[in-house]
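One structure below.
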Amino acid sequence: MKAIIHPGQSPAQVEAQRADCLRQRNIAAKFHYETRRQADLWLKLHAQYAPADTAAPYRAAAMALANQWPHADGTLIALGCGGGEKDLVILDALPPDTHFVPTDVSEPLVLKAAEAVPGSKPLVFDLAVAENLLAFIGQHAGPNRIFTFFGIIPNFCPAEILPQLRALLKPEDRFLMSANLAPNGMAAILPQYDNGATRDWLAEFPRTHGAGEGAVKIGIEQDGSLQHIAAHFSFEEPCVMDANGEQFNFQPGDDLRLFVSYRYTQQSLSETLSLHGIVIEHSFLSANQEEGVFLCALQ
Ligand SMILES: C[S@@+](CC[C@H](N)C(=O)[O-])C[C@H]1O[C@@H](n2cnc3c(N)ncnc32)[C@H](O)[C@@H]1O
């Protein structure tokens, strides 16, 4: 099976984005899922640290959606599907002729998701920056759409990703998203990130771009009223990274932000979504309340 690649993911454009990230010393999430090895390290980490009862809220949300979904041959469009496990829980509850369109910026991951469903149409695009995305999706997906958006909102400042998402949604679509929550504060969830498996995964970017010795430092940071886990690479040796024909110099003590994971409460998520015209209609929480699945509609 082959994935269909959005023109914005051409090698030249990806190289220009990589150079922008190095210039700003802030690496976009997409660059941590680029290679087969990064995808495998992330899948391993995900299997190790995902809360044990994670599937339950997805199953509950799937049943609630299926009970009110009238179309025998609609389309499930999975945004940032990763390995697709959560989207497949939703698909399983829908009528058997529902089409599956897994999408992700990572070709290895989207192909893994597509393998599980014969006849699916894997698409590769960058949800944050792709232009004319609704038209591109329209070339490969029919009407009567359900969008899923699982595990993506944590890795972006919400003002960067929610306008892009909102532009895809029409009033007749259904929309399911998930968010990571911090019901007992950020310190309680820090060990899910501050561990060897996360460091191994995130260190792949600096390692494969020529960094020598350095440390991945993981902690809690504040952005306005929201808190997130952040990971930074702290250089311990001089190095030069190349991208798009440019060279970027780093010295010992320099910092490269690698990753963020925003955490929400149900209230802060609801307030954040409403700034972008999205309302939560039903919420489904894991037993430990650290993961929520939300059936949403447009305001
Ligand atoms: C934390 S994983 C979540 C995967 C899956 N949906 C889940 O919940 O298990 C984040 C996913 O978003 C994808 N991703 C990161 N940046 C993206 C972007 N700019 N556009 C589309 N997908 C992106 C990654 O490749 C990865 O598969």
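Bear in mind these aren't lab numbers, they're just calculated from the coordinates by the rules spelled out. As the structure is a prediction and not an experimental result, all values here were calculated from the model.
Calculation over all alpha carbon pairs of region 6-133 in 10 angstrom steps from 0 returns a P(r) of 12, 36, 34, 15, 3 percent. Each residue of region 284-292 was assigned a 3J(HN,Hα) from its phi angle through the Karplus curve 6.51 cos²θ - 1.76 cosθ + 1.60 (θ = phi - 60°); the sequence is 9, 10, 5, 4, 8, 6, 8, 9, x Hz, with glycine and proline shown as x. If you run the Gaussian network model on the chain, springs between alpha carbon atoms under 10 Å, then out of Ala188, Ala243, Ala39 the most flexible one is Ala188. Using bins of 5 Å that start at zero, the share of Cα-Cα pairs per bin across the chain amounts to 1, 5, 12, 16, 18, 18, 14, 9, 5, 2, 1, 0, in whole %.
Greater than 22 Å separation of Cα atoms is the criterion. Which listed pairs, Lys86/Lys121; Lys30/Lys217; Lys30/Lys121; Lys44/Lys86; Lys30/Lys170, meet it? Going by Cα-Cα distance, Lys30/Lys170 fall outside the 22 Å limit. Cross-link partners of Lys112 among aspartates and glutamates, defined as those whose alpha carbon lies under 19 angstrom from its own and excluding same-chain residues fewer than eight positions apart: Glu34, Asp40, Glu85, Asp87, Asp92, Asp104, Asp126.
The 3J(HN,Hα) values that the Karplus relation (6.51, -1.76, 1.60; θ = phi - 60°) gives for region 219-230 are, in residue order, x, 10, 10, 10, 9, x, 8, 9, 10, 9, 7, 10 Hz. Gly and Pro appear as x.
Among beta bridges identified by DSSP and lying wholly in the chain, the antiparallel ones come to about 65 percent. Residues in region 198-212 carry Karplus couplings, in order, of 5, 4, 4, 5, 6, 6, 4, 4, x, 4, 7, 9, x, 5, x Hz; the curve used is 6.51 cos²θ - 1.76 cosθ + 1.60 with θ = phi - 60°, and Gly or Pro positions show x.
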